[in-house]
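*Asks:* Before anything else, here's the structure in question.
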Amino acid sequence: MSFFSALRKLSRNSPLTQRFLRHYRPYLGVRPNWSWLANNPEWIAARKKASGGRQVLVATGTGSNWPCSALESLLGVALTLRGAEVRFLLCDGVLPACQECEYLWLSEKTFAREGPQAWMCGSCHAPACDMLSPLGLPILRYSQFLGEENATAPLLPDLPEHVHAGALRYFGRGSLPEGGNCERILSRYHEAARMTARMMAGMLREWKPDVAVFHHGMYVPQGVVGSVLRAAGVRVANWGPSYRKGTVLFSHGDSYHRTMIDEDPALWSDMPWPAAREAELMAYLSSRRTGGNDWISFQAEAEQDNRAIADRLALDFSRPVIGLLTNVVWDAQLHFRQSAFPSMLDWLFASIEYFIGRTDLQLVIRIHPAEVLGTVPSRQRAADEIYSRFGVLPRHIKIVGPDEKISTYALMSLCNSALVYGTKTAIELACTGLPVVVAGEAWSRGKGFTVDVSSPGEYRAALDRLPFPAPLSPEQVTAARKYAYYFFFRRMIPVRSLKPLEKFAPYAVKVDRLDDLQPGADAGLDAICDGILDGRPFVI
């Protein structure tokens, strides 16, 4: 058995696997090798021509996030070819905490006492520089802008939010644990956020870009970087990998977690809707049952047979079934103004308390599979929280655990309706005609095909209407499908140079000639660059 075969047999979350990937993932075909550009006359001429063009900051920050830093290196090349003067920004190991700190490879005790380890920062900054250096574009480093003269950080009202979200991500929890090392770890994120704000203030004194682009747009340091830039009047574009293979999702001004909620409805409601487009959408949605066309999926090898699922859960079809879909409790813990409850767990508990008294219905709670399969497996499990609060549940309330091989889509097809907080599955369910009640900030909110509530009272009133007497109307289903097409096929922008991988990372950037990145060669890349440079909608 080869070494790599042995590695793949280990749990993906074992300390040995994670530490290996941390050290060597940059060299396993994930990152692009730009060495062929170092002495390329065409590239040298393009760099020279771009000098004095629009100033673009690619604020990668955490270089060890390889799917992200690899794409951002691609953006640097593509933007330069379009006449922009590009500079990269990397943390060079000066922060006492960051997004790359995760409990999987950094124990609470060590993190609280020592902060990020030298091997972590070494596997972040140096490989990123190795990747970017052949491009010949300036690489800015955090330490350059942290001198005494930059000791004053700008006042940022949302800084505590990014600190809190960053700490929750480290702990893999939806609420911070009490005692132990929590206070010291939280203080590290506070200090890292203040340092990032000081660093950005120092950079802006020396150089102010016209626009900045970087991944996530939340946590520490990315969320703080975005806050400082917006306060200084610098336009910001954020992005993240999306679901369909070969695609990414960009947004203007803030993380797409926020911006997707308030987009102009005309972007999809006025879209022509021929039968061929609808068929394309429904074929893709069908494929999501197994994830065959996605590089982010948790449905592989799940039970799809409705009768088998019903038998396994002992469902009684003399009583309507209501489905409830959770989120990962720590993920994207930002403030959303329209949520009916302070947190997903508050909503979950209120739902169970209500259904305990509704013995005429059955409630099936589907715990999100990413609790165990996600990048940072949750250490605060929804099922544990439920049992801790309620003990033994009545028989008409059932829980499907995150590791149970049951298709969420097949399960929801057995239901009269679905209750969601923030899951994007609400869009897909509405496309099938299933009524959906939205209590948090799911992107389906406000689109005309879900029941949206903004307070506990409104939520209870919606539950009092259950079971719903009929599926969604044809007009609502069409509205849902139009939005789903817009979401999956127009907002998720395909980039030809992104090649899916089966291991180590979702994709790799593969480019071996500049012609592939020139304007007109890739419609998706054109849309992304036009959005970054000119502020056009990130829509293909």
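*Asks:* Tell me which GluC sites (Glu not before Pro) from region 158-262 have a DSSP coil assignment and no more than 16 other beta carbons within 10 Å of their own. Intermediate results must be reported in sequence, preceding the final value.
*Replies:* On the way: sites: GLU161, GLU178, GLU183, GLU191, GLU206; in loops: GLU178.
Those satisfying the criteria are GLU178.
*Asks:* May I pose another question? Using the Karplus curve 6.51 cos²θ - 1.76 cosθ + 1.60 with θ = phi - 60°, what ³J(HN,Hα) values do you get for each residue of region 71-80, in whole Hz, with x for Gly and Pro?
*Replies:* 5, 5, 5, 4, 4, x, 5, 4, 5, 4
*Asks:* Length gain on complete extension for the stretch ALA283 to SER143, per 0.36 nm per residue less the alpha carbon to alpha carbon distance? Kindly include the intermediate steps, with their values, before the conclusion.
*Replies:* Values: separation 140, 0.36 × 140 = 50.40 nm, distance 5.02 nm.
That pair, ALA283 and SER143, stretches by 45.4 nm at full extension.
*Asks:* Which chymotrypsin sites (Phe, Trp or Tyr not before Pro) from region 160-259 combine a DSSP loop assignment with at most 14 other Cβ atoms within 10 Å?
*Replies:* Working: sites: TYR170, PHE171, TYR189, TRP207, PHE214, TYR219, TRP239, TYR243, PHE250, TYR256; in loops: TRP207, TYR243.
Qualifying residues, ordered by number: TRP207.
*Asks:* May I pose another question? What residues qualify as long-range amide H neighbours of SER417, i.e. H under 5 Å apart, gap of 5 or more or another chain, H built at 1.01 Å from N?
*Replies:* Here the answer is GLY323, since their amide H atoms fall under 5 Å of that of SER417.
*Asks:* Given that just one value was derived from the coordinates, which of [x] 81, 62, 39; [y] 73, 58, 55; [z] 105, 69, 47 is Cα extents along the principal axes in Å?
*Replies:* Read-out taken from this structure: [y].
*Asks:* While we're on this one: Mind scanning LYS208/LYS499; LYS398/LYS482; LYS482/LYS510; LYS245/LYS447; LYS424/LYS499 and naming the pairs with a C-alpha gap bigger than 30 Å? Spell out each step's value before the answer.
*Replies:* Values: LYS208/LYS499 34 Å; LYS398/LYS482 33 Å; LYS482/LYS510 33 Å; LYS245/LYS447 26 Å; LYS424/LYS499 24 Å.
In this structure, LYS208/LYS499; LYS398/LYS482; LYS482/LYS510 exceed 30 Å between Cα atoms.
*Asks:* Follow-up. Towards the positive end of the charge dipole of the chain, with charges on Cβ (+1 Lys, Arg; -1 Asp, Glu), say which of GLN518, TYR284, TYR421 has the farthest Cα.
*Replies:* Of the listed residues, the answer is GLN518.
*Asks:* For ILE540 and ASP515, compute 0.36 nm times the residue count separating them, minus their Cα-Cα distance, and round to one decimal in nm. Let's see the in-between values first.
*Replies:* On the way: separation 25, 0.36 × 25 = 9.00 nm, distance 2.05 nm.
The span from ILE540 to ASP515 would gain 7.0 nm if fully extended.
*Asks:* When ranked by the protection proxy of mean other Cβ atoms within 10 Å per residue, highest first, what sequence do the peptides 376-382, 325-331 form? Kindly include the intermediate steps, with their values, before the conclusion.
*Replies:* On the way: 376-382: 19.9, 325-331: 25.0.
Per-residue mean Cβ counts within 10 Å order the peptides as 325-331, 376-382.
*Asks:* Once you place label points 7 Å from the Cα toward the Cβ at ASP210 and ARG230, how far apart are they in nm?
*Replies:* It works out to 2.3 nm between the two label points.
*Asks:* Set the Förster distance to 60 Å, then compute FRET efficiency between GLU114 and ARG312 from the Cβ-Cβ distance, nearest 0.05.
*Replies:* Details: r = 47 Å, r/R0 = 0.78.
FRET efficiency, GLU114 to ARG312: 0.80.
*Asks:* For ILE356 and GLU404 in the same chain, what is the full-extension length gain: residue separation times 0.36 nm, less their Cα-Cα distance, in nm? Don't jump to the answer; show the numbers that get you there.
*Replies:* Numbers: separation 48, 0.36 × 48 = 17.28 nm, distance 2.36 nm.
Full extension of this stretch gives 14.9 nm more.
*Asks:* Right, another one. Determine, for SER343, SER473, SER351, the number of other Cβ atoms within 10 Å of each Cβ, and report the residues in order from fewest to most. Mind dumping the intermediate values first?
*Replies:* Working: SER343 16, SER473 11, SER351 24.
Going from sparsest to densest Cβ surroundings: SER473, SER343, SER351.
*Asks:* Pull up all non-local amide H partners of ILE399: gap of 5 or more, or a different chain, and H-to-H distance under 5 Å with H placed in the peptide plane.
*Replies:* Amide H to amide H, under 5 Å and 5 or more residues apart or across chains, ILE399 pairs with ILE365.
*Asks:* Another one. Where Lys and Arg each count +1 and Asp and Glu each count -1, what net charge lies around TYR421 among other residues with Cβ under 13 Å from its Cβ? Before the final figure, lay out each step's value.
*Replies:* On the way: positive: ARG366, LYS424, ARG445; negative: ASP331, ASP346, GLU441, ASP452.
Around TYR421, the surrounding residues sum to -1.
*Asks:* Using the Karplus curve 6.51 cos²θ - 1.76 cosθ + 1.60 with θ = phi - 60°, work out ³J(HN,Hα) for each residue of region 130-141 in order, rounded to whole Hz, and write x for Gly and Pro.
*Replies:* 4, 5, 7, 4, x, 6, x, 8, x, 10, 8, 10
*Asks:* If you filter region 436-481 for trypsin sites (Lys or Arg not before Pro), then keep DSSP loop positions with at most 13 other Cβ within 10 Å, what is left?
*Replies:* Those that pass, being in a loop and sparsely packed, are ARG465.
*Asks:* How big is the charge dipole of the chain about its Cα centre, in debye rounded to the nearest 20, if each Lys and Arg gets +1 on its Cβ and each Asp and Glu gets -1 on its Cβ? Working shown, then result.
*Replies:* On the way: 59 positive and 54 negative charges, 157 e Å.
With Lys and Arg at +1 and Asp and Glu at -1, about 760 debye.
*Asks:* So, counting K/R as plus one and D/E as minus one, what does the shell of residues with Cβ under 10 Å around PRO494 add up to?
*Replies:* On the way: positive: ARG244, LYS245, ARG496; negative: ASP522.
Residues near PRO494 contribute +2 overall.
*Asks:* With both partners inside the chain, how many of the DSSP beta bridges are antiparallel, as a percent to the nearest 5? Please report the intermediate quantities before stating the final value.
*Replies:* Values: 12 of 47 bridges.
Looking only at bridges with both residues in the chain, the antiparallel portion is about 25 percent.
*Asks:* Treat the count of other C-beta atoms within 10 Å as a stand-in for reagent exposure and order TRP36, TRP443 from fewest to most. List each step's numbers first, then the result.
*Replies:* Numbers: TRP36 14, TRP443 22.
Ranked by crowding around the Cβ, least crowded first: TRP36, TRP443.
*Asks:* If I fit a long axis through the Cα atoms of helix 344-356 and take the longest principal axis of the Cα atoms of the chain, what angle between them do I get, 0 to 90°, rounded to 10?
*Replies:* Between the helix axis and the principal axis of the chain, the angle is about 0 degrees.
*Asks:* I've got another one for you. Given a Förster distance of 25 Å, report the FRET efficiency between PHE349 and SER187 from their Cβ-Cβ distance, rounded to the nearest 0.05.
*Replies:* Details: r = 30 Å, r/R0 = 1.20.
According to the calculation, E is roughly 0.25.
*Asks:* For THR425, THR375, THR259, which order do you get if you count the other beta carbons within 10 Å of each Cβ and list the fewest first? Before the final figure, lay out the partial values.
*Replies:* Working: THR425 20, THR375 14, THR259 17.
Exposure proxy ranking, most exposed first: THR375, THR259, THR425.
*Asks:* What FRET efficiency comes out for TYR387 versus THR478 if R0 is 41 angstrom and r is the Cβ-Cβ distance? Round to the nearest 0.05.
*Replies:* Working: r = 41 Å, r/R0 = 1.01.
About 0.50, to the nearest 0.05.
*Asks:* Also, I was wondering about something else. Answer rounded, prolate or oblate for region 98-169, using the Cα gyration tensor with square roots of eigenvalues a ≥ b ≥ c: rounded when a/c is under 1.5, else prolate when a/b is larger than b/c, else oblate.
*Replies:* On the way: a/c = 1.92, a/b = 1.13, b/c = 1.70.
Oblate shape, in that a/c is at least 1.5 and b/c is the bigger or equal ratio.
*Asks:* Taking amide hydrogens as modeled 1.01 Å from N in the peptide plane, which residues meet the under 5 Å criterion relative to ALA508, leaving out close sequence neighbours?
*Replies:* When sequence neighbours closer than 5 places are left aside, the close amide H contacts are LYS499, LEU501.
*Asks:* What ³J(HN,Hα) values, in whole Hz, does the Karplus curve 6.51 cos²θ - 1.76 cosθ + 1.60 give for region 171-188 when θ = phi - 60°, with x put for Gly and Pro?
*Replies:* Calculated HN-Hα couplings, in order: 6, x, 9, x, 9, 6, x, 8, x, x, 9, 4, 4, 5, 5, 4, 5, 5 Hz.
No value in this document is a laboratory result; all are computed from the given coordinates. Remember, it's a predicted structure, so these values are computed and weren't measured experimentally. All Cβ positions, glycine included, derive from the backbone under ideal geometry; neighbour counts span all protein chains shown.
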